[in-house]
Each structure stands twice: as structure tokens, then as C-alpha cells.
Amino acid sequence: MAVTGLAMLLYLIAHMLGNLKVFFGPDEMNGYAHWLRTIGEPVLHHEWFLWIVRFGLLAAVVLHGVSAYQLSRRDLAARPVKYAHARRRASYATRTMRWGGVIVALFVVWHLLDLTTGTVNPRGESGHPYENIVATFDTWYGDTIYIVAMLAVGLHIRHGFWSAAQTLGAGSPGRARALKATANILALVLTAGFLSVPLAVMTGVVS
Amino acid sequence: MRLTLRIWRQPDAEAPGAMRTYEVEDISPDMSFLEMLDTLNEALILQGEEPVAFDHDCREGICGACGMVINGQAHGPERTTACQLHMRHFADGDTIDVEPWRAAAFPVVRDLMVDRSAFDRIIEAGGYVTAPTGSAPEAHATPVPKPDADTAFAHAECIGCGACVAACPNGSAMLFTSAKVNHLGSLPQGAPERDTRVLDMVDQMDAEGFGGCTLAGECATACPKGIPLPSISAMNREFLRASRRR
């Protein structure tokens, strides 16, 4: 859970920073998207780098999901009887890890159909990510799905980063506050960065 | 004080149980929670009913025998053991829910008593130091740096009551196991068995059917001895280190 989670977190940071290119206009954004396909040339062929990243991410998602399933099954079996006097436990981010993760996984499918294959995108023109982004965020459902998913991602990262640090043995009483703060900052910055794009399209800053 | 108690009654491990309601009167705020249950049991015996079974021994908060979930919290609202929880923390007329520890690895024996021998088997798997016995060694023969001694002592405080498992939404025993791993692992006497200790204890913990840790943090909040949550990370560090060297 920890290793695959951190790998996906690193990807999310790069993805969020890349998204901000949208604020520099269609030429910058589309040029950046084209550059992504040329990374590693001439050692790697066109788009090979992108496909290596895609396979790495797919492996991370699958392993993360399988571990989550195994852990959940074990945890639910270890506590078969609930307390009659129920009490609200742990933080919201902690309690929503399972369903939040499922929501994020479903969003990834939608997101790929929307902006990678263009299947569900109102425009869906290959090689024109800027125009496709504006098209999807001009729809109410595109905005709603994206905003809900990004809030789920933020909550998932908030508990996930901190937990991953504990699992890998990086936690100590002295470092507890610093790790919590890093988790909160990562969650906030990533959520804000991702949300800035649909908000900019909705307010007309990007069109 | 006059109180309404809703207590889990279960005649034995196989029989189904249920919450039953009892009224108790003339409870002094200075009574401990267990003394309040004693008062109830005296009344039940006089009425010819079976008294409520619960574990207890020292009644001074150092043995770890007592343990029950009071109003959804392990050992009740104060950070102490049920025997050191006093009735002044409740108000006259309160309704109090009392349940046994809930975990697959802690089956209910009767009423509020659970079988915690899974903890004993985790300790048997490696929670000790193999040393020749004989006369007590000279105190300064093995120097221990003060910070290490403090870490060891803070973790040695664990009384094995099981509140961590009861409070954990996953019924995980990570905090209990980490207390012993960190206690012995931070001392020179524990160094020779450091690797096998953590690997064997974690193996046994998993075999007993305890859940996995999701860092909910409920265990450290419930622990009457204040074993801190980062102890789990310290055990993970020991486990990774030992796995690499295996």
C-alpha cells in the first residue's frame, strides 16, 4: 500500500504541475503535451516514455487495489461484532479511505475516457488537450465529477501519505508533527492545483 | 447516584448474548467502576440471578486484568483502567453501556470476560530475553544510555490489557506487539534476538487473527499506559530491517 501509494503520489505532483500549463494558453499546453511524447528520444521511440509511465501506473493501481482488498478483508474479519454503543472514531479522512479509494479508482476510468481517449469528451480531438479540457469543464457533469473526485483525492492523500510514512518506518514521536503537516500541505496543494483548472474554465479565466 | 446500566450478558462462549438493562442505586461518586459492578452483583445474587462476570485482579491499574468497553470507549471516558475509573466521571441518572472487548482474536468467555491468551502466545513467540539465570548481575555491568532506558521503560509500561485491540476498528494488535518489540529492542540485553523477535512476534500476531493496522490511531488514544502511536512505526522499521537481514 505504502510503496505503490507513494509512487502514485509522485506522479500526481508531476501531473498537477503539468496541468498548470493551461494558464499559459493553448500553444503552451499543447506544446507541453507534445513534448511529453518526445521524452527520451532518440534512445526511446516516440511515446515510449509515456507508455512506460502508463504501465508503471497501471501496475501501481492494481497492486494498491489488491493490497487494499486483502487488508480490508482481514480487518473486517478481525472485528466481526460491532459495539452496541457506537462512537464516531478517527478523522474523516481516515474513515473514508476505502470508499474514497473506490471513488478515485472509478474517476480514473472516467478521466481516461474523457481526456486520454476522448470517448466521453464533448470535443475529444486527439492532440488538442487544451481544447478538450475547456470542452469537458464547460459541462456541469464534467465539473461535478472532477471536483468531487479531487476532494476525495485530497482526503485520501491526507491520511495516505502519513500512513505510508508510518508503514515504511519513518515515524517517530519527534517527527509526528512534521509528517502530519507534510501530509496536510501535500493534500491541500494538490487539491487546490487540480481544482484551479475547472474553476478557471467555469469563471472564464481559461476559455 | 442512581444509574441505568446496559450490560452485555452471555452465559458462555457458544451461547448468543444480548444487552440487558439493570438499575443500580446508592452509588457513591468515589466508587471505582468495578466497585459499582460489585454493588450490582451483590443485588443480583440476593435476587437469585447470575452475577455479571468480569476480569479483575489488582484493582490499582497495574495488572491489566480488567477491561471493558464503557459507552463505546475501552476502559471508559478517562485514560485509565476500568478499576481506576471513578463514578464521579458520570452524572446521576446516566445510562451506561458496558460491553466486552470485541475482536475475533479475543473470543468472549462469559459476559464481559474475553480470552486474551492470544497476547500470551505473541509474547511466547519472542517477547523475552534469553539469558542465563543465576545471581543478579552487577547493575553497571551493562551500561544503558539514558534515552534508551527511557524508551525501554516507556514501552515496558504496557500491561497487556487489550484496550488497543478493543479500540481498533480493525481489531489489530500492532500497538501491543510494538510495545514489547520496542521495549526489548532498545536495550543491549535484547540486541542478540532483535531480528528473530520482531519477525516471530509479528508472524504470531497475524496467525492469531488480529487485523492489520490502518493508522486510525484509536489504540494510542485508548491505551491506559500511554504507549504512543509512533511505536507502531518503530516496529515497522524493526520489521523491515530484520526482513532485509534474514
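Which of the residues belonging to the stretch B:136-152 are farther than 13 Å from B:Leu184 by Cβ and hydroxyl-bearing (Ser, Thr, Tyr)?
Selection gives B:Thr142 alone.
Quick one: B:Ala152 ticks every box in (1) of a type in the set (A, V, I, L, M); (2) within 14 Å of another protein chain (Cβ to nearest Cβ); (3) over 30 Å from A:Tyr92 (Cα atoms) except a single one, so which number is it?
(2)
Return yes when A:Ala93 is among the aliphatic types (A, V, I, L, M), more than 14 Å from chain B (Cβ to nearest Cβ) and within 16 Å of the chain's Cα centre (by Cα) and no when it is not.
Judged against the criteria, A:Ala93 is not a match.
Residues that are of a type in the set (Lys, Arg), at least 2 per element: which strands (runs of 3 or more DSSP E) completely within the stretch B:1-100 meet that? Spell out the reasoning first.
Numbers: elements: B:3-9, B:18-24, B:95-99.
It comes to B:3-9.
Of (1) more than 10 Å from every other protein chain (Cβ to nearest Cβ); (2) touching a residue at least 12 places away in the same chain (Cβ under 8 Å), B:Ile70 satisfies all except one. Which?
Condition (1) is where B:Ile70 drops out.
Give the residue, chosen from A:Gly171, A:Gly204, A:Gly127, that is out of contact with any strand residue (DSSP E or B) (no Cβ under 8 Å at 6 or more places or on another chain), surrounded by 13 or more Cβ atoms within 10 Å (Cβ to Cβ) and either within 14 Å of another protein chain (Cβ to nearest Cβ) or not hydroxyl-bearing (Ser, Thr, Tyr) (or both).
Answer to the check: A:Gly171.
Kindly check whether there is at least one residue in the stretch A:143-154 that is of a type in the set (Phe, Trp, Tyr) and within 14 Å of another protein chain (Cβ to nearest Cβ).
no
Residues checked against (1) basic (Lys, Arg); (2) surrounded by fewer than 16 Cβ atoms within 10 Å (Cβ to Cβ); (3) within 21 Å of B:Asp115 (Cα to Cα); (4) without any contact (Cβ under 8 Å) to a residue 60 or more places away in the chain:
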| residue | (1), (2), (3), (4) |
| --- | --- |
| B:Arg6 | yes, no, no, no |
| B:Gly17 | no, no, yes, no |
| B:Asp26 | no, yes, no, yes |
| B:Met36 | no, no, no, yes |
| B:Leu46 | no, yes, no, yes |
| B:Gly64 | no, no, yes, no |
| B:Ala74 | no, no, yes, no |
| B:Leu85 | no, no, no, yes |
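Quick one: B:Ala154 ticks every box in (1) farther than 19 Å from A:Leu76 by Cα; (2) touching a Lys or Arg at 6+ places or on another chain (Cβ under 7 Å) bar one, so which box is it?
Only one criterion is unmet by B:Ala154, namely (2).
Listed here are the residues, each with its yes/no results for (1) facing another protein chain (nearest Cβ under 8 Å); (2) surrounded by 13 or more Cβ atoms within 10 Å (Cβ to Cβ); (3) closer than 30 Å to A:Met29 by Cα; (4) touching a residue at least 24 places away in the same chain (Cβ under 8 Å).
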{"position": "A:Lys82", "(1), (2), (3), (4)": "yes, no, no, no"}
{"position": "A:Ile103", "(1), (2), (3), (4)": "no, yes, yes, yes"}
{"position": "A:His111", "(1), (2), (3), (4)": "no, yes, yes, yes"}
{"position": "A:Thr119", "(1), (2), (3), (4)": "no, no, yes, no"}
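I'm trying to understand the selection: among the residues of the stretch B:104-148, which are among the aliphatic types (A, V, I, L, M) and either in a strand (DSSP E or B) or closer than 13 Å to B:Pro188 by Cα (or both)?
Across the stretch B:104-148, the qualifying residues are B:Val108, B:Val109, B:Met113, B:Val114, B:Val129, B:Ala131, B:Ala141, B:Val144.
Which one is farthest from the other protein chains (Cβ to nearest Cβ) among residues in the stretch B:211-246 that are closer than 22 Å to A:Arg79 by Cα and of a type in the set (Ser, Thr, Tyr)?
Filtering the stretch B:211-246 for residues that are closer than 22 Å to A:Arg79 by Cα and of a type in the set (Ser, Thr, Tyr), the one farthest from the other protein chains (Cβ to nearest Cβ) comes out as B:Thr221.
Looking at B:Ala191, B:Ala207, which one is more than 9 Å from chain A (Cβ to nearest Cβ) and at pLDDT below 95?
B:Ala191
Exactly one of (1) surrounded by fewer than 20 Cβ atoms within 10 Å (Cβ to Cβ); (2) under 23 Å from B:Glu208 (Cα atoms); (3) more than 13 Å from every other protein chain (Cβ to nearest Cβ); (4) touching a residue at least 40 places away in the same chain (Cβ under 8 Å) is unmet by B:Ser117. Its number?
(4)
Can you tell me how many residues in the stretch A:125-183 are under 23 Å from B:Ala234 (Cα atoms), among the hydroxyl-bearing types (Ser, Thr, Tyr) and assigned to a loop (DSSP other than H, G, I, E, B)?
Here is the first cut: in the stretch A:125-183, the ones under 23 Å from B:Ala234 (Cα atoms) are A:157-183.
Okay, now just the ones that are also among the hydroxyl-bearing types (Ser, Thr, Tyr), so A:163, A:167, A:172, A:182.
Then keep just the ones that are assigned to a loop (DSSP other than H, G, I, E, B); that gives A:172.
The qualifying residues number 1.
So, of the residues in the stretch B:155-176 that are part of a loop (DSSP other than H, G, I, E, B) and more than 14 Å from chain A (Cβ to nearest Cβ), which turns out to be nearest to A:Lys82 (Cα to Cα)?
Top of the filtered list is B:Cys161.
Of the residues that sit in the stretch B:99-114 and are aliphatic (A, V, I, L, M) and more than 9 Å from chain A (Cβ to nearest Cβ), which one is farthest from B:Gly72 (Cα to Cα)?
B:Val109
Could you count how many residues in the stretch B:187-225 are in a loop (DSSP other than H, G, I, E, B) and among the charged types (D, E, K, R)?
Number satisfying all stated conditions: 2.
Tell me, please, whether a residue that is of a type in the set (A, V, I, L, M), touching a helix residue (DSSP H, G or I) at 6+ places or on another chain (Cβ under 7 Å) and at pLDDT below 95 can be found in the stretch A:80-95.
yes
Give B:Asp94, B:Asp111 a once-over and let me know the one that is buried (at least 21 other Cβ atoms within 10 Å of the Cβ) and either in contact (Cβ under 8 Å) with a residue 24 or more places away in the chain or more than 30 Å from B:Thr196 (Cβ to Cβ) (or both).
Details: B:Asp94 fails: buried (at least 21 other Cβ atoms within 10 Å of the Cβ).
Residue meeting the stated conditions: B:Asp111.
The values are calculated or read from the model by the stated rules, or taken from the named source; none is laboratory data. On a predicted model such as this, the values are computed, not experimentally measured, just so you know. Cβ atoms come from the backbone with ideal geometry, glycine included; neighbour counts cover every protein chain shown.
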